[in-house]
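Visitor: Here it is, the structure in full.
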Amino acid sequence: MNLKSQPTDGKFGTFGGKYVPETLMPVVDELEEKYNEIKENKEFNEKLSKLLKDYAGRSTPIYFAENLSKKYGGKIYFKREDLLHGGAHKINNSIGQALLAKSMGKKRIIAETGAGQHGVATAMACALLDLKCEIYMGSNDVERQSPNVFRMRLLGAEVHSVKSGSQTLKDAINEAIRDWVTNVESTYYLIGSVVGPHPYPMIVRDFQSVIGKEIKEQFPKITSQEIPDILIACVGGGSNAIGTFYPFLDDECKLVGVEAGGLGIDKGKHSSTLVAGSEGVLHGARSYLLQDEDGQIQETHSISAGLDYPGVGPEHSFLKSQDRVEYVSINDEEAVNAFVEMSRLEGIIPALETSHAIAEAIKRAQKLGDKQSILVTLSGRGDKDTPIIAKHLGNNL
């Protein structure tokens, strides 16, 4: 199978599919048909490109981290998605899907969010396009990401705090799906990552692939290389990572996805689905999951709310099965150390999600010669995470 072929049957190899209630099958079929029609529409693409440029702030630059590179070796670069409006890559997908929803005549948008960045991006897109917006968020995440909750409400979104289960992203998705089933005629479910039933993993990947396309265009202009030696991105559901990797799947470039190791895989308190999970079905698709021997979803842990998810996008599972992407794990302490190091050496406060990828880049830079280039997708900024870091470090900063 061609690594970049479209999942016309709804699957990436054996992963993906449409495991949804019967009432939703016509809805996802309609969505697939409409998306396949509109993605080639000149007017739609011109409007999307204009909003990404004038509203979201694309294109984002590639930045050479001279101080980090000098300390650890190698040549470390960052794709600055943190500079986008809203502070993260999520706006790429939210604007695209909100435009798609509007073209389908939907007036109400629902979404799920973990760290809150997708919720904020969706609230922004809905305010811009005059759409009603409701966001589902686990109550634990509401507490630890309160700045983003305030931003969503300020932007006009209604935020539903989900108190069931582990009260994190998984449970927020469960509640959003329940809402969707009940309100299929009026409501568009704007999924924030490359998860869920087909065609969502494909749709989100396509909207986020602007990241990798820009890297391909920009990197030769600022270096003596056509492409980086290594591309690294953090993986929760996996949207910024697949957006980075997809345009490079046919190139000779090392691709590394970094999951949340939490307190340690050996302790069972982590979110490393691809590193330690097994195959199963969750939220409408077959993928790797964190589950017990009876197939029950296990609780996850990460200091980062955005990586705290027991599943992963099916295309990532496929790329793992084909040995095209290497998936690794970084624990909480390593991520926090990278957060502080990036802040002090480069004057850039990264999101805790991205800090996992930065920690892996530092590890690899120490083992590489100075001629090796590493590019990390800096998926978001860390404003939202400063209360977590302050609490974690106490007076030890």
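Visitor: Calculate the length of the line joining the C-alpha centroid of segment 266-298 to that of segment 1-64, in whole Å.
Guide: First find each Cα centre; the distance between them is then 25 Å.
Visitor: So what is the orientation-averaged projected area of segment 211-262, using the convex hull of its C-alpha atoms, in nm²?
Guide: 3.8 nm²
Visitor: Here's something else I'd like to know. Setting aside same-chain residues fewer than 8 positions from residue 132, which lysines have a Cα under 25 Å from its Cα?
Guide: Straight-distance partners of residue 132: 34, 39, 47, 50, 53, 90, 102, 106, 107, 163, 170, 384.
Visitor: Treating cross-link reach as a plain straight distance, find the lysines whose alpha-carbon is under 17 Å from the alpha-carbon of residue 71, omitting any fewer than eight places away in the same chain.
Guide: List returned: 363, 367, 371.
Visitor: Taking the Cα centre of each part, how many Å lie between segment 189-241 and segment 300-319?
Guide: When both Cα centres are located, 15 Å separates them.
Visitor: I would also like to ask the following. Looking at the chain as a GNM with Cα springs under 10 Å, which of 348, 173, 330 has the largest mean-square fluctuation?
Guide: 348
Visitor: Connecting C-alpha atoms closer than 10 Å in a GNM of the chain, tell me which of 111, 361, 127 has the biggest fluctuation.
Guide: Of 111, 361, 127, the Gaussian network model singles out 127 as fluctuating most.
Visitor: Take the Cα coordinates of segment 175-234, assign each an equal point scatterer, and use the Debye formula without solvent to give log10 I(q)/I(0) at q = 0.12, 0.24 Å⁻¹.
Guide: One equal scatterer on each Cα of segment 175-234 leads to -0.48, -1.01.
Visitor: When the chain is treated as a GNM, springs tying every alpha-carbon pair under 10 Å, which of 26, 197, 350 comes out with the largest mean-square fluctuation?
Guide: Sorting by GNM fluctuation, first place goes to 26.
Visitor: Suppose we keep just the DSSP beta bridges with both residues in segment 57-194; what percent of those would be antiparallel, to 5?
Guide: Antiparallel bridges: around 20 percent, rounded to the nearest 5.
Visitor: Which of the cysteines in the chain are isolated, no other cysteine C-beta under 4.7 Å?
Guide: Lone cysteines by the Cβ rule: 234, 253.
Visitor: Tilt of helix 210-222 relative to the longest C-alpha principal axis of the chain, in degrees (0 to 90, nearest 10)?
Guide: Here the helix axis deviates by roughly 30 degrees.
Visitor: Additional query: Would you work out the relative contact order for the chain, in percent, from Cα pairs under 8 angstrom that are 6 or more residues apart?
Guide: 21 percent
Visitor: I need 391, 79, 163 ordered by Cβ neighbour count within 10 Å, fewest first.
Guide: Sorted ascending by nearby Cβ count, the order is 391, 163, 79.
Visitor: State, to one decimal in nm², a quarter of the convex hull surface area for the C-alpha atoms of segment 319-365, i.e. the direction-averaged projected area.
Guide: Mean orientational projected area (segment 319-365, Cα hull): 3.7 nm².
Visitor: So how do 312, 181, 325 line up by other beta-carbon neighbours within 10 Å, fewest first?
Guide: 181, 325, 312
Visitor: Right, another one. So what are the ³J(HN,Hα) numbers for segment 223-229, from phi and the Karplus equation (6.51, -1.76, 1.60; θ = phi - 60°), rounded to whole Hz, Gly and Pro as x?
Guide: 9, 8, 10, 6, 9, x, 6
Visitor: On C-alpha positions alone, give me the angle between the axis of helix 332-346 and the longest principal axis of the chain, in degrees, nearest 10.
Guide: With both axes taken from Cα atoms, the answer is about 70 degrees.
Visitor: If one takes the longest principal axis of the Cα atoms in the chain, at what angle in degrees, from 0 to 90 and to the nearest 10, does the Cα axis of helix 90-103 lie?
Guide: Once rounded, the angle reads 20 degrees.
Visitor: Taking only the C-alpha atoms, wrap a convex hull around the chain and report its volume per residue in Å³ as a whole number.
Guide: So the per-residue hull volume is 131 Å³.
Visitor: So what J values fall out for segment 188-197 if you push phi through Karplus, 6.51 cos²θ - 1.76 cosθ + 1.60 with θ = phi - 60°, rounded to Hz, Gly and Pro as x?
Guide: 10, 8, 9, 6, x, 9, 7, 10, x, x
Visitor: Can you tell me the relative contact order of segment 321-397? Whole percent, Cα pairs under 8 Å, sequence separation 6 or more.
Guide: 29 percent
Visitor: Given H placed on each backbone N at 1.01 Å, which residues far from residue 249 in sequence or on other chains put an amide H within less than 5 Å of it?
Guide: none
No lab work stands behind these numbers, since they all come straight from the coordinates. Worth saying up front: this structure is predicted, and the values here are computed from it rather than measured. Positions of Cβ are backbone-derived with ideal geometry, glycine not excepted, and every protein chain shown enters the neighbour counts.
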